[in-house]
Every structure is written in structure tokens, then in C-alpha cells.
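For reference, the structure is listed below as C-alpha cells.
We did not get these values from a lab; they are worked out from the coordinates using the rules stated. Only a predicted model underlies this, so the values are computations on that prediction, with no experimental measurement involved. We place every Cβ from the backbone using ideal geometry, glycine too, and count neighbours over all the protein chains shown.
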């Protein structure tokens, strides 16, 4: 009979197999999913189960330090290849973030989705999540998307690779994202969104990431070993003293005309917003348009991924 710990480990491997992404033993511990009845998620327990459980040995395999589902050892090579692509895309994201960091009221820029996970495909775009100071969300989006348009960095139908997907902005007074999670399907929560929060890698941060992390402790009800992401110095964008002074001056000027500037930025962007986005507003959590969230995921695949995950779990009796 399968134990709760074995079920947790196998569900974790199943989810990441959806993305052809094998895991190390440490990553299995880091990303392990809570299952009702299991209370011990220590690394020693997870490590012991990985190496001693006959069921885990039957349903998974190890290759060069990576663990995946049985018969899926080829994805180890896929992960190595995609890690190279993700590193290149991360460098491109840093290049634009060095500009975004100068814009007034930009408080945090994160790489997210598959680039944050380190599993980006060669032809994929680069998803960024941006946090703005409260009451200046529309201005921040106008500046960031305006820069991306001027530099021809926005995705087009005929060109997506290495472009910037700037489809998610949040205000720094609305960092509890529990309201953005979709309702569970049976006992399975909005699993992709929970992992998405762990894949947000702060490139530029003036102190918001810690607040963001602590504002979403509810994620730990499903991912008990969730830990904050601390990028190495070479992966961070830090404004110089001169840059911080210039930014403060720009913010002071903008605050003097704050309501007028923000209102103008909002009106302009509403006028330019595609019908495909406005038609989705208020219909689920894919598209949200407010002074706290600007989220433009017209093709929200979370339900699709959730359904695939549930079917795979049922097929493996976990």
C-alpha cells in the first residue's frame, strides 16, 4: 500500500514531468506536495524514501543525479539543453531590467514561468512579473511596455523567441495573491499557480520580494518546503547611488502630478487595449484590470495543466 510520503514524492515528479523537467533530490524536497495525512517533510525523510522505497524505485528512475518517472530518463538531456536556453534568456531579461529599474515607481522585476524554473524552450519568450508602487501601476506599465515597443521587444505572431512578455503587474499594496488562485478541482488546488510563485526570480528588488514571499504563506499549505529565491549577485540588477538619486527625483516630480499622470496613463492604455483582452475581463482570473492588478493572460492554461496533472495522478494511482 502506498504511503502518504510516497504519494507526495510521486505527485511532485508527475507535475514536473508535464514540463519534461527532472528533479534532483534537493528539488524534490523543495517542491514536494503536501498530502493529507503526511506530516514529516524533512529532507532526511524525503531522501530516505527516494532511495529505500520499493514503490518509488518501481515508478521512478535516477540518471546522473536527476530523478524522473520510470521510462522518462531522456528528459535529463532535455533539462540540460533548456537550462542553457534559460540562462541566455535570463541575461536578456537583465538587460531590459537595467532600464526598467530606472523608471519611477518600479519596485521589483521578476523573471517567472519556465525561465524562472530554468526550463525554457529555445523558441519561448521571457515572462516578467513587475511590482509597482501603489497608485502608480498604470504609469509603470506605460513606461515598461512603451520601452519594449520602442526596442521591438514585444511578442508578435511571427516573432516570439526572446521577446518580453509583460503581461502581469501588481501594486505593492496587493501582494497577497490568494485571490488570484483558481478554485480546486476535487482535492487538487491550482497547482501551477502555486509553483509559479516559487518560480518568481527577483532580478531587481528594492525590498518587495521579502514582503511578497511572506504575504503568500498560504502556499505552504500545499508546498510545505517553500523557500525564498535568493539570486546570486551576478544575476541581480542594482541601481548605482547616482541611479537611485535620479529615480527619487523622477518620483518626486511624478508625485506632484500623480493623479493627473496616472489618470492619463490609465485612459491611454484603456483606449489602446485589444478587444481580445477587454472581452476576457471579469471572466475568471486570466485577465484582471484594476488599480491593483494588471494581468493579461488571455490564454490561461492553468485549468488545462491542472486537468492533465489529475489524470496522470489517477493513472498512477496516487
Open item on the list: Could you check the spin-label model distance between residue 240 and residue 57? Points 7 Å from the Cα along Cα→Cβ, value in nm.
Closed with: 6.0 nm
Open item on the list: Between helix 137-150 and the chain, what is the angle of the helix's C-alpha long axis to the longest principal axis, kept within 0 to 90° and rounded to the nearest 10?
Closed with: 90 degrees
Task: Value of relative contact order over the stretch 4-73, rounded to a whole percent, pairs C-alpha under 8 Å and six or more apart - done: 38 percent
Open item on the list: Let me check against my output: what whole-number percent is the relative contact order of the stretch 134-229, with C-alpha pairs under 8 Å and at least 6 apart?
Closed with: 24 percent
TODO: Specify the angular offset, from 0 to 90 degrees and rounded to the nearest 10, of the alpha carbon long axis of helix 241-256 from the longest principal axis of the alpha carbons in the chain.
DONE: 60 degrees
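Arranged from highest to lowest average of other beta-carbon atoms within 10 Å per residue, in what order do the peptides 44-50, 14-20 appear? Don't jump to the answer; show the numbers that get you there.
Details: 44-50: 16.3, 14-20: 19.1.
Going from most to least packed, we get 14-20, 44-50.
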TODO: May I ask you to give the average projected area over all directions of the convex hull of the Cα atoms of the chain, in nm² rounded to one decimal?
DONE: 17.0 nm²
Task: Distance in nm between pseudo-label sites at residue 159 and residue 179 (7 Å out along the Cβ direction from Cα) - done: 3.8 nm
- [ ] Set the Förster radius R0 to 30 Å, insert the Cβ-Cβ distance between residue 272 and residue 98 as r into 1/(1 + (r/R0)^6), and round the FRET efficiency to 0.05.
- [x] 0.70
Open item on the list: As an exercise, take the mean of 1/r over every pair of distinct alpha carbons in the stretch 98-249, invert it, and state the Kirkwood radius in angstroms.
Closed with: 16.5 Å
Task: Principal-axis tilt of helix 43-52 within the chain, Cα atoms, nearest 10 degrees - done: 40 degrees
Task: Alpha-carbon radius of gyration plus Dmax, which is the widest Cα pair, for the stretch 193-318 in Å - done: 19.7, 61
Open item on the list: What does the extension gain come out to for residue 81 and residue 298, with contour length at 0.36 nm per residue minus their alpha carbon separation?
Closed with: 75.2 nm
Task: Computed [θ] at 222 nm, helices only, for the chain once each DSSP H run of length n ≥ 4 contributes -39500 (n - 2.57) - done: -14000 deg cm²/dmol
- [ ] Beta carbons within 10 angstrom, averaged per residue: use that to sort the peptides 260-273, 83-96, highest first.
- [x] 83-96, 260-273
TODO: Please give the peptides 134-146, 54-66 ranked by average Cβ packing (other Cβ atoms within 10 Å per residue), highest first, as a rough proxy for protection.
DONE: 134-146, 54-66
TODO: Express the relative contact order of the chain as a whole percentage, based on alpha carbon pairs under 8 Å and six or more residues apart in sequence.
DONE: 20 percent
Task: Antiparallel %, DSSP beta bridges [both residues in the stretch 79-304], to 5 - done: 75 percent
Task: Net lengthening on full extension, residue 308/residue 229 (0.36 nm per residue, minus Cα-Cα) - done: 25.7 nm
Open item on the list: Need one number: nm distance between label points at residue 4 and residue 64, each 7 Å from Cα along Cα→Cβ, rounded to one decimal.
Closed with: 3.7 nm
Task: Förster radius 25 Å - calculated FRET efficiency between residue 253 and residue 135 (Cβ-Cβ, nearest 0.05) - done: 0.95
Task: Packing-based exposure ordering (other Cβ within 10 Å, fewest first) of 245, 208, 318 - done: 245, 318, 208
TODO: Please compute the Cα-Cα pair-distance distribution of the stretch 4-73 with 10 Å bins starting at 0, giving whole percents from short to long.
DONE: 22, 63, 15, 0
